[in-house]
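What follows draws every value from the coordinates through simple rules; no lab data is involved. Everything quoted here is computed from the prediction, not taken from an experiment. In this analysis, Cβ positions are derived from the backbone assuming ideal geometry, glycine residues included, and neighbour counts consider all displayed protein chains.
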Amino acid sequence: MDVDDGKIEAAVPMDVDEKKPEGPFTEDLEKAHDLETTNPEGALKAYKAIIFSNNEEEEAMKQREEAIYRLGKFLVAQKRGDELVKLNTDVRPFFTSLPKAKTAKIVRSLIEFLAKIEGTDAKQIEMCQECIQWCTKEKRTFLRHRVETRLAFLCLQHKKYNEALDVLANVLREVKKLDDKLLLVEIYIIDCQVHYALENIAKSKAGLTACKTNANAIHCPPLMQAQIDLWSGIVCAREKEYGTSFSYFYESFEALNAAEDPKAKASLKYMLLTKIMANKPQAIDQITNSKSGLKYLGRDVDALKAVAGAHRDRSLKKFEGVLQTYEAELTGDNVIKFHLQDLNDTLMEQNLLRILEPFSRVELNHVAELMELPYDRTHQKLSEMILDKKLNATLDQGIGVLILFDEDHMSSTYDNALKTIKNSSQVLDTLHDKAKVLF
């Protein structure tokens, strides 16, 4: 509750001019903070003087810990990744005076600080590996499990999938014995992402199921639950369950948007994608024009709106034009890229079937001209459609003609071919029997 100045003066004795400092390093911390803008090197030395002092009083220890966090943020602002890595090893003698929980918090914070500096991905992996070795030597199992989980996530980001799986297998085996549900949720969600990246959807789904099982046994933090919903939607979309996936994406978006997490935009884009893939492009405007949707408008959302427009018009040429115009926005995300490739194939098949409908025999060059596509691509797609039994036809490649059949003709052709093979087999068997008698 706010109190006016008059009441403060009445409540405090007249001989007390100001509040006493909270600890021995209060003034030093303020001076170091002031030096950050005027003398960066001076600020660095000032923070280190506090951190590496020998004062082990309770208040002094708290302020030395605070100095580590302040120095870490300062090094992030200065983009000095090497010094941040060095700080992680230099402060280890100080850890002997701290509880293990506080030590774990400091180490994880320093790794997260390094992640905020662009171009330090390789350093993050090296830092995690070095921390794991130190944790193993010092028998800090709790911290090692969390750093290994972080390392697996970094390997995933660097597309080092086999390394990520190896790390996950080791840490998962140990964490299962400890039954740390929250950490198991983190491990399984990374496992789900790795297998998804490897196109192993069955194992990705299994990892997601295990993640949900452990999440249901604890109070899962909202942002973690949002991450689970996000990947539930991605896996469902891969199985073409677009209605279910939209519901998951919506739940994820609501949670991330409420927390003002930047990942909310990804959930919104996936919501738009599922509506497009579910053949409901008209619903796009309703989502983007909503109060929460307007916050995330931008070129990447415009790209999906353009895709929806092309899909609504059933225009393959317009769709491919959108893919070229918004190439960075539509191919940068592997989830969107995969589904748009699928949509491209679907639109091409629909356009081909519509063009071929009045023909029983047509030259491939003419089909390519009508489609406004290269001959080779048209030929390849028609071959795929025939093999997948989406088109009842055959290709006469000698003269470059596509011959289309109706259902009855195709059925009789196959039946006659089977009868011919059967009769030929019987004739050969009879001749073989007669030959055995003669010889």
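Annotations
- For the chain, adding -39500 (n - 2.57) for each run of n ≥ 4 DSSP H residues and dividing by the number of residues yields -24000 deg cm²/dmol at 222 nm.
- Exposure proxy order (Cβ contacts within 10 Å, fewest to most) of Leu431, Leu352, Leu223: Leu431, Leu223, Leu352
- Against the compact-protein benchmark of 2.2 N^0.38 Å, the Cα-based radius of gyration of the chain scales to 1.47.
- If R0 equals 41 Å, the separation of the Cβ atoms of Leu223 and Ser315 corresponds to a calculated FRET efficiency of about 0.55.
- Rg/Rh for the stretch 323-438 stands at 1.23; both radii use Cα atoms, and Rh follows the Kirkwood definition.
- When Thr378, Thr430, Thr209 are sorted by how many other C-beta atoms sit within 10 angstrom of their C-beta, beginning with the fewest, the order is Thr430, Thr209, Thr378.
- Rounded to the nearest 20 debye, the dipole magnitude of the stretch 185-314 is 380 debye, with +1 charges on Lys and Arg beta carbons, -1 on Asp and Glu beta carbons, and the Cα centre as origin.
- With neighbours defined as other Cβ atoms within 10 Å of a residue's Cβ, the residues Phe253, Phe113, Phe359, Phe246 order from fewest to most as Phe359, Phe113, Phe246, Phe253.
- A Cβ-based charge dipole, computed about the Cα centre of the chain with Lys and Arg at +1 and Asp and Glu at -1, lands at about 1380 debye.
- Contact order, relative form, for the chain: 5 percent (alpha carbon pairs under 8 Å, 6 or more residues apart, mean separation divided by residue count).
- Kirkwood-Stokes translational diffusion coefficient of the stretch 297-354, alpha-carbon pairs, 37 °C, 0.692 mPa s, µm²/s: 288
- A crude spin-label estimate for the pair Leu297 and Leu418, with each label 7 Å from Cα along the Cβ direction, gives 6.0 nm.
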